[in-house]
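Notes to accompany the following structure.
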Amino acid sequence: MSRIFCSARLTVATFTSPRAWSMRPRSACRKPGTGFLHWMDSIAPTGRSMVFARNAHMLYINMSIGHGRPLVTGFPPLRIIIVGLGHRSVKHHIPTILANDLVTLTGVVDDNLELARTIGMRLRVPFASHVDELLQNLAMPPEAALVAVPHSEYLSIVSSLAAARIHVIKEKPYAVSVDEARKLKKIVSSAGISLQVTLQRRFDPVYVNFSRLLSRISRIHAVEARYTMNVERLDEGWRASQLKAGGGALLDLGYHYVDLIVWYLGLPDLVSCQMAAGNRPGQDYDTEDTAFVQFAFKSADLSTNVMGSLVVSRVYPYHDESLQIYGTAGSVGVTRDQCELRSPDGTVLECLSPGGSRSQSLMDQLNTFVLNIRSDSINGTISSSYLEHIAFIDAAYRSAGMGAPASPHDSMHMLEG
């Protein structure tokens, strides 16, 4: 069955298929067929337009046209600039933009003028060391900007872009504090622009399928998440400074798993957190290198309780990205490589291993951002999930500071006010 979503400015073809994402039993992992992107609720985070509710067969957007790009008609490529030319932009964002027919790169900015010049000349686009300078020199103003800079620089850059009515796509986090989140929310509302945060796991088939399998394990009672790695030098770069980074391991690494927890389960009722720093002797940095977070969801009648834990560290000897959710009828686990459904005794019932490059999830994410901008569906609003991220993280930092549990909902009330 197919559906067509139409507006005066946008046409998108979508399809449902009862066979898409069918799973093999037991431990046989399969690679899903290409050509479809799960049309999930993160596509329109405010819940307005463009979203068809999940159903038994799930919903997909046709990606078979234009080498895996969605069918969008009636528009020239979106003019976009990149602000910040660090590792993330050079390795991921620039290649994704150059390979996508829905966008065209029209300029680059970095406070290192030599770097901006080198990359700008290589890509044959205008360059500058400041956003305002580039905007003054462009013959046609950009419609959007992808921003990937140190956390302390986002607020002023977003303010400049909003003043010029330029849509913003930014690297996580949405904000470093409740206060900054409120300011960004006000800026976006006043300017009537969209602000979207890169959360590519929401477009990765492994993590998308994880959400489908959750319904198979009945009542959830426990959650375990881990994101650990071994960063040799914690005293180098802007992440070593609380002033520039706004936080350490939890805000940076942990943000990805806070997003997954909020996406899959919602906002917890209580958060308790302990943090540590200084676990790299001889290195000078003032952000936390390790965080242990416990959280809980309570039912309205307090008869049931979902317990959760999140461990984040930059000083563990090994890299580990994993999320396990346990229910009364089994468990679901996900890593960057695969997703598994297990019975209560641990037998693997279903397994998904997508293989291939992760560049497609970045492409799907960019496509979604463009669709949202072209449809005007989220202008002037901030996704509630972004606010929930900050509420969760703010509660964790408050808990660590006062040595007692904190409520994310108290933070959420301040964000929504």
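When Met402, Met414 are ordered from fewest to most other Cβ atoms inside 10 Å of their Cβ, what list results?
Placing the least packed residue first, the sequence is Met402, Met414.
Taking a ≥ b ≥ c as the square roots of the Cα gyration tensor eigenvalues, with a/c under 1.5 meaning rounded and otherwise prolate when a/b beats b/c, else oblate, which class fits region 318-417?
Oblate.
Quick one: Debye curve from the C-alpha atoms of region 199-262, no solvent, what's log10 I(q)/I(0) at q = 0.15, 0.26 Å⁻¹?
Once normalised to I(0) and log-transformed, intensities are -0.64, -1.20.
How big is region 216-296 along each principal axis, measuring the range of its Cα positions in Å and listing the largest first?
Result for region 216-296: principal-axis Cα extents of 49, 21, 20 Å.
Quick one: what does P(r) look like for region 116-211 with 5 Å bins over all Cα pairs, in whole %?
Using 5 Å bins, I get a P(r) of 2, 12, 20, 21, 17, 13, 10, 4, 1, 0 for region 116-211.
Filter the trypsin sites (Lys or Arg not before Pro) in region 340-381 down to the DSSP loop ones having no more than 11 other Cβ atoms within 10 Å, then list what survives.
Here no trypsin sites (Lys or Arg not before Pro) fit, given the DSSP loop and packing criteria.
Relative contact order, percent, of region 299-417 when contacts are C-alpha pairs under 8 Å separated by at least 6 residues?
10 percent
Laboratory data are not the source of any read-out in this text; all were calculated from the coordinates shown. Remember, it's a predicted structure, so these values are computed and weren't measured experimentally. No Cβ is skipped: glycine too gets one built from the backbone with ideal geometry, and neighbour counts run over all protein chains shown.
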